[in-house]
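Down below is the structure, laid out as structure tokens.
The values are calculated or read from the model by the stated rules, or taken from the named source; none is laboratory data. In this text the structure is predicted, and so the values were computed from the model without any measurement. Here the Cβ positions follow ideal geometry from the backbone for every residue, glycine too, while neighbour counts run over all protein chains shown.
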Amino acid sequence: MRHDFYLAWRYLRHHRARSLILIASLGLLITLPLALHRILDAGEALMTARAASTPLLVGARGSALDLTLSALYFNAAHPPMIRMAEAERVAATGWAEALPIYSRFRVRGQPLVGVTLDYFDFRQLKPVAGAPLAMLGDCVLGAEAAAKLGLEPGDPLLTTPENLFDLAGIYPLKLHVAGILGRSHTPDDEAVFIDLQTAWVIEGLGHGHTAVADGGRMTPRIAAVPATNIQVDQTKLLTYTEITPENVGSFHFHGDPATYPITAVIAVPPDQRATTLLRGRYLAPLNSVQIVDPAATTQSLLQNIFRVGALFDGVLLLVGIATLLIVALVFALSLRLRQREIDTIVLLGCSRLTVLRLAAAELVLIAIASSGLCLLLLALVRHQSMELVRHFVIP
Amino acid sequence: MLSRTRALQHTLAMLLGIAATTALGAPPAGTLRVTATVYPIAYFAERIGGPAVAVGFPIPADVDPPFWQPGIPDIIALQKADLILLNGADLEKWRARATLPQMKLVDTSAGFKGRLIVVDNAVTHSHGPGGQHTHSGTAYTTWLDLELAGQQADAAGQAMRRKRPTLATRFNTNLDALKTDLATLDRELKTIAAEKPGLPLLGSHPIYQYLARRYGLNLQSVHWEPNEMPPETEWVALKQLLARHPARTMIWEAEPSLAIAGRLVKLGVHSLVFNPCGNRPADGDFLSVMRTNVENLRTAYRH
């Protein structure tokens, strides 16, 4: 038996290219459905866990899925907005705690999410470096965001202007990185968190006053204070806003905060009764605001994904059968091509059974190598499953 | 460099916070930690909670609560409380600049938003190290209307019950006792003011709006400080005011200097202290200060 495998191994080594093609084809054939299921399982676990930990969401009427994805994964480009009054309305019912979220902005590709401090308690996010949010202009980074942006506590982070050609637009705000959050393996890792009030400053609803170079007159503008900006100030071309301990006292908001924008409210009722009562408040068809159950919405999304997964399975089955037939054909043809070699083996005194054993040994070696390749690829997929889920499953 | 300094401030604040809660008189585990941003509300919380509640009041004794500017260590300490009781009525102007957990915040005057007094055309003035300021916007000494003070105590009690439902009965008993004390003082003030309705009075500072409204005081205010001799222009303005508002008493936040009081006497105006008690008094508590205030006012009305 050992000799059979030795001869098979030598043969496969001699025909390296053909052997490698066979191993790769079979390896991928086995890997594809398993990897797909692995990614779908990871996606399901991720989405189910995130949705299950978010009891209810209140947001603008429209797609429940968009609202869920925007509030839970911060990935909607332009989520529709509601007013802060909706958060107060939820809290005023006494049936749920209200956690407002404002996830309209992005900073260097990462979601910039305005929340209240309660969000961190709710998601059990704690800084592993630095401190939590304390003052206007502070930000804390998710673990992944900190790694991608290469920032640490104490570093500045300039927000991204919404439109480079909007000369009358809002200046970017220079944020101060207060802390880095511990890894949670959720979309929070990717986010840059700011206080809701800081988000409203970015929105242009709040501003500070600073003495500009014309005799110290207080000018109602969001002006940069550092010395490097004085020249810029004189030329009336500010490049960014910065909130410093010196000017933070002058920052204030105009208008009723209840009218300020947010994109969603996470409602946290204490029990099922409160959940039902709260949902009842949003049944009116003319209501411009909706309440959704993220778990149910996610389940419906997952069902669609699984339908696509089943389709993939069917396609892969057909492709697999075709590939196996091709492999069988290749093997049969190779046996025919090897007829002189087989005749030589028989002439040397080997039986037909020995020839069959040699062929079987080759098949076993190819199967082992393919399985090894499959395991390697699956390990790779498992390691990167969360990343793959974020890229391919969660839109 | 600025950011690094700020990060250092954050870290130091965290360390100080941890040190403060672990070593320096930290309340026993499970104790409800309440922080109030004006003394009367802190006093209400102390009365309602009793020994089951650790009440913090972060404002230094020499700072008037409306002009307090919390630093990062103060904000981090506030964040650690289970409940943050605010006076509301625009007293905590710093609130828009500090990150605090909304679920722990309780605006004790939210229940009577419609009854808050809006001050228009207030004069900008300066005294002390705080620099120039104005009393425009919403009048904030809501607790000087003792009926509103009772409502603020109710709001504090409700929030505390929500945080510690098991102690609700004890909180309710204490709250009832507090409201009885406040109602007694309220009745006394009403009785005193009813003795001479429309009696002209002067206020040394525009902070008695709720007191005047509740008890029907005929009060006109100037912008004077007890320890700062007003400039001559102010004395001239006072004489003009007295011509159309013949008051014999000026109500002060604290005892005025002898020089000011003496010069007022020459104009026929006596000084009376009605301490708003926004900060923790050196002696006694909110109730004892209010009792003294009531007695002071009674004396003024009898003369």
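Any residue in the range A:102-112 that is in contact with a Cys (Cβ under 9 Å, 6 or more places away or on another chain) and at pLDDT 90 or above? Within the range A:102-112 (the criterion being in contact with a Cys (Cβ under 9 Å, 6 or more places away or on another chain) and at pLDDT 90 or above), the answer is yes, since at least one residue qualifies. The requirement of being more than 13 Å from chain B (Cβ to nearest Cβ), in a loop (DSSP other than H, G, I, E, B) and surrounded by fewer than 23 Cβ atoms within 10 Å (Cβ to Cβ) is fulfilled somewhere in the range A:99-114, by at least one residue.
Of all residues in the range B:75-99, those being facing another protein chain (nearest Cβ under 9 Å), under 15 Å from A:Pro132 (Cβ atoms) and within 21 Å of the chain's Cα centre (by Cα) number 2. Residues in the range A:270-295 that are surrounded by 11 or more Cβ atoms within 10 Å (Cβ to Cβ), outside any helix (DSSP H, G or I) and among the charged types (D, E, K, R): A:Arg281, A:Asp293. For the range A:37-66, a residue qualifies if it is under 23 Å from A:Met81 (Cα atoms), more than 17 Å from the chain's Cα centre (by Cα) and assigned to a helix (DSSP H, G or I), and exactly one does: A:Ala64.
Of all residues in the range A:314-364, those being in a helix (DSSP H, G or I) and more than 40 Å from the chain's Cα centre (by Cα) number 32. Applying the set (1) aliphatic (A, V, I, L, M); (2) within 11 Å of chain B (Cβ to nearest Cβ); (3) farther than 27 Å from A:Gly249 by Cβ to A:Ala85 leaves exactly one unmet item: (2).
Taken over the range A:244-269, the criterion of being touching a residue at least 60 places away in the same chain (Cβ under 8 Å), assigned to a strand (DSSP E or B) and within 14 Å of chain B (Cβ to nearest Cβ) is satisfied by A:Ile262, A:Val265, A:Ile266, A:Ala267, A:Val268.
Residue by residue through the range B:40-74, note down the ones that are aromatic (Phe, Trp, Tyr) and away from chain A (no Cβ under 14 Å).
If the condition is that a residue be aromatic (Phe, Trp, Tyr) and away from chain A (no Cβ under 14 Å), then B:Tyr43, B:Phe44, B:Phe57 are the ones that fit.
For the range A:118-130, indicate whether the set of residues that are of a type in the set (Val, Ile, Thr), assigned to a strand (DSSP E or B) and touching a residue at least 40 places away in the same chain (Cβ under 8 Å) is non-empty. Looking through the range A:118-130, at least one residue is of a type in the set (Val, Ile, Thr), assigned to a strand (DSSP E or B) and touching a residue at least 40 places away in the same chain (Cβ under 8 Å). Scanning the range A:124-133 for residues that are surrounded by 19 or more Cβ atoms within 10 Å (Cβ to Cβ) and within 19 Å of A:Ala49 (Cβ to Cβ) yields a single hit, A:Leu125. Only a single item in (1) within 12 Å of B:Trp252 (Cβ to Cβ); (2) at pLDDT 95 or above is not met by B:Arg213, and it is number (1). Taken together, the residues in the range A:58-75 that are surrounded by fewer than 21 Cβ atoms within 10 Å (Cβ to Cβ) and not charged (D, E, K, R) amount to 6.
To keep it simple, each residue is scored yes or no on (1) touching a helix residue (DSSP H, G or I) at 6+ places or on another chain (Cβ under 9 Å); (2) under 16 Å from A:Leu376 (Cα atoms); (3) surrounded by 13 or more Cβ atoms within 10 Å (Cβ to Cβ).
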position: A:Asp4; (1), (2), (3): yes, no, yes
position: A:Arg10; (1), (2), (3): no, no, no
position: A:His14; (1), (2), (3): no, no, no
position: A:Ser19; (1), (2), (3): yes, no, yes
position: A:Ala24; (1), (2), (3): yes, yes, yes
position: A:Leu40; (1), (2), (3): yes, no, yes
position: A:Glu44; (1), (2), (3): yes, no, yes
position: A:Ala52; (1), (2), (3): yes, no, no
position: A:Leu56; (1), (2), (3): yes, no, yes
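Of all the numbered requirements in (1) on the phi < 0 side of the Ramachandran plot; (2) surrounded by 18 or more Cβ atoms within 10 Å (Cβ to Cβ); (3) touching a residue at least 40 places away in the same chain (Cβ under 8 Å), A:Ala146 misses one, and that requirement is (3).
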